[in-house]
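Step one of this worksheet: look at the structure below.
The values are calculated or read from the model by the stated rules, or taken from the named source; none is laboratory data. Just so you know, these numbers come straight off a predicted model, no measurement behind them. Please note: Cβ atoms are built from the backbone with ideal geometry, for glycine as well, and neighbour counts cover all protein chains shown. Heavy atoms of the whole protein, side chains included, go into the accessibility calculation; ligands, DNA and RNA do not. Shrake-Rupley method; radii C 1.70, N 1.55, O 1.52, S 1.80 Å.
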Amino acid sequence: MQIFRTQDYQAMSRKAANIISAQVIINPSSVLGLATGSTPLGIYRQLIDWYNKGDLDFSKAYSVNLDEYVGLSPDHEQSYHYYMNENFFSHVNFAEGHNYLPDGMAKDIDAECARYDKLISDLGGISLQLLGIGHTGHIGFNEPNAAFDKMTHAVDLHPKTIEANARFFASPDEVPKQAITMGIKSIMQAKQILLVANGAEKAEILYESLFGPVTPAVPASILQLHPNVTVVADEAALSVIMQHHSEAVSR
Ligand code: PGA
């Protein structure tokens with residue numbers, strides 16, 4: 001595992017965008033595993049900027065997103081379909097039909113999960129999976145005590161996650177209670193993982209995830225067992241790790 005420390009959010013975004021760019025330049029038909037949330041926004045802005053400058057071409061690339069809320073349609077402003085279109089896809093040149101997310105409106109959720117797994121496998125697997133980390137240590141919507149051996153599946157959201165996401169809805173009651181998420185096993189099958197984090201409120205969970213015991217109680221801790229993980233985080237998010245394992249961190 002490589003851990004990069006950046007001064008601030010902007011530098012974190014730029015470094016992570018550099019890693020994604022390198023992937024797309026070296027393999028134009030990469031399958032990018034993408035994530036939503038606040039953390040990746042700066043990365044998408046940076047990639048759009050480089051695309052506008054002519055430095056990046058997504059025309060042969062594919063994307064598969066980690067998750068989607070159950071019950072939100074793609075045109076709902078809080079759906080992850082909407083987020084991805086607004087913040088990334090509509091600004092760059094992915095080919096039509098190359099961007100995939102789970103369908104939160106599917107009538108048969110289990111069939112949708114199976115379809116999504118097959119889709120990822122038919123694409124040849126994920127070249128690089130971008131991940132944020134939740135306050136609970138969740139990755140995707142794999143909340144504490146999720147089984148490590150699951151592929152895409154439906155989950156009940158953790159109360160802390162509902163609370164954290166409530167800021168995007170008019171009231172906590174409107175936050176969907178379920179989501180479809182790639183499972184820990186799907187995430188672990190990605191060839192490369194890029195975990196990003198910023199802010200002091202992620203410092204403790206980042207430390208537990210990367211240096212604590214590997215346990216379903218901290219879903220992100222499984223990443224310690226993945227052979228190709230890069231972490232890019234700002235100083236605030238790395239503050240606890242710096243106290244205990246500064247030797248493991250590069251600038
Ligand atoms: P955030 O979410 O980027 O909005 O902090 C991260 C996550 O929940 O995975």
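Remarks
- Normalised by the number of residues in the chain, the mean separation of alpha-carbon contacts (under 8 Å, six or more apart) gives a relative contact order of 26 percent.
- Backbone N under 18 Å from the residue 215 label point (7 Å along Cα→Cβ), restricted to the range 223-251: 223-225
- Range of Cα positions in the range 1-101 per principal axis (Å), largest first: 37, 29, 27
- Signed unit charges on C-beta, dipole axis of the range 96-251, positive-most listed residue 114, 153, 227: 227
- Residue 135 paired with residue 45, simple spin-label distance in nm, labels 7 Å along Cα-to-beta-carbon: 2.3 nm
- In plain terms, the chain from residue 114 to residue 87 could stretch by 7.0 nm, reckoned as 0.36 nm per residue minus the Cα-Cα distance.
- Given R0 = 41 Å, the distance between the Cβ atoms of residue 76 and residue 29 translates into a calculated FRET efficiency of 0.85.
- Average accessible surface area per residue within the chain, 1.4 Å rolling probe, Å²: 44 Å²
- Rolling a 1.4 Å probe over the protein heavy atoms of the chain, with every protein chain left in place, gives an accessible area that is 50 percent carbon and sulfur.
- Cβ charges +1 (Lys, Arg) and -1 (Asp, Glu), total dipole of the range 47-187, debye: 320 debye
- For the chain, size of Cβ-based charge dipole, Lys and Arg +1, Asp and Glu -1, in debye: 700 debye
- With each label modelled as a point 7 angstrom along the Cα→C-beta vector, the residue 10-residue 249 pair spans 2.1 nm.
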